[in-house]
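Laboratory data are not the source of any read-out in this text; all were calculated from the coordinates shown. Small disclaimer: the values here were computed from a predicted structure and weren't measured. We place every Cβ from the backbone using ideal geometry, glycine too, and count neighbours over all the protein chains shown.
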Amino acid sequence: MNDGDLLRCLLHVIGRIAIPDKEVRAVIGEGRNRVKAFNLFDGRLTITDVSKKTKIDAGNLSRATAKWVDSGIAFRMGEGDDARLLHVYPIPKKP
C-alpha cells in the first residue's frame, strides 16, 4: 500500500461521515450509468476514459462532473488532459 492508497482511504472514511449516501445519490442522479461513472472516478481514469466505459456523451459527463466537484462530492486532481477525478467514496448498488 502506498501513500496515495492511504490518502484515498482517509478521504473515503471522512467523506462518508461528512456527506451521507442519500445526499451523494441526490447530486449524482438515479441513472445506473451515472452511478457507474461516479464510481469509476477513483483518481485513475480521465473523463474521456469514463465516457467510453459508460457510453455517456463526454460533454454531458463533463458537465455532470463539474456539478459533482462544485457540490463537494468529487475532487479534481491535475490539470488539462491529465486531470483526474476522485470521488469522496464509491456508491454501493441499491439493494
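Things worth noting here:
- At most 14 other Cβ within 10 Å, DSSP loop - trypsin sites (Lys or Arg not before Pro), segment 60-95: LYS93
- Our estimate of slack between ASP21 and MET77, defined as 0.36 nm per intervening residue step minus the Cα-Cα distance, is 17.9 nm.
- Magnitude of the charge dipole for segment 17-95, about its Cα centre and with charges confined to Cβ atoms of Lys, Arg (+1) and Asp, Glu (-1), is about 420 debye.
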